[in-house]
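A quick write-up on the structure given underneath.
The values are calculated or read from the model by the stated rules, or taken from the named source; none is laboratory data. Source: prediction; values computed, not measured. Cβ coordinates were reconstructed from backbone atoms using ideal geometry, including for glycine residues, and neighbour counts include every protein chain displayed.
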Amino acid sequence: MENKNLELINCLTQAFGGYPILIVQGAQILNQIQGLNLEKYKKKIKASKDKIELNITLVSNELKPSAKRLLDGIALLNNQSVSKELLNSITEDKHSLDDDIYQFSKFALISNIEPNEVNPIFEMHDGKNITKYYK
């Protein structure tokens, strides 16, 4: 198991030039997308001209439509500090907000930077660039 983790770390570090968020996102993609293993992912990375676009495309294919629409809204905001209350005001489907936030989190698109139970604050990783890839 340790050799597999070391192989994963080395592969992602090399593929993404040591860029931390891409390494984390790559690991999350491998953990969350069924049927995608390290070998398949390595082939996709090698064949891709734009590794960021590859990751976003892979993630976008997994997001529900409500999450994609919410991602568009977040990209228009100051995405370094977005409250859940604000997300609730811009989402089209208030019933799916928690699930949409979960989807973003599991693919390392957002981080909870202030885990307040009532109104947590999130940070989005380069939202404007993320949304340009999947439109």
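For the reader, a short list of remarks on this structure follows.
- Verdict on Leu63 being of a type outside the set (Gly, Ala, Ser), under 26 Å from Asn88 (Cα atoms) and assigned to a loop (DSSP other than H, G, I, E, B): yes
- Residue within the range 73-94 that is modelled with pLDDT of 90 or more, loosely packed, with under 15 Cβ neighbours inside 10 Å and not in a helix (DSSP H, G or I) present: yes
- Screening the range 1-58 for helices (runs of 4 or more DSSP H) wholly inside it with 2 or more residues that are within 12 Å of the chain's Cα centre (by Cα) and touching a residue at least 40 places away in the same chain (Cβ under 8 Å) returns the ranges 20-32.
- Within the range 10-20, the residues that satisfy the criterion of being farther than 12 Å from Ile45 by Cβ and modelled with pLDDT under 90 are Gly18, Tyr19, Pro20.
- A count restricted to the range 84-109 and to residues that are more than 13 Å from Val59 (Cα to Cα) and either assigned by TED's automatic domain parsing to the domain that holds Ala27 or basic (Lys, Arg) (or both) stands at 2.
- Considering the conditions (1) surrounded by fewer than 16 Cβ atoms within 10 Å (Cβ to Cβ); (2) at pLDDT 95 or above, Ile113 is excluded by exactly one of them, (2).
- Within the range 13-45, the residues that satisfy the criterion of being hydrophobic (A, V, I, L, M, F, W, C) and farther than 16 Å from His125 by Cβ are Ala15, Leu30, Ile33, Leu36, Leu38, Ile45.
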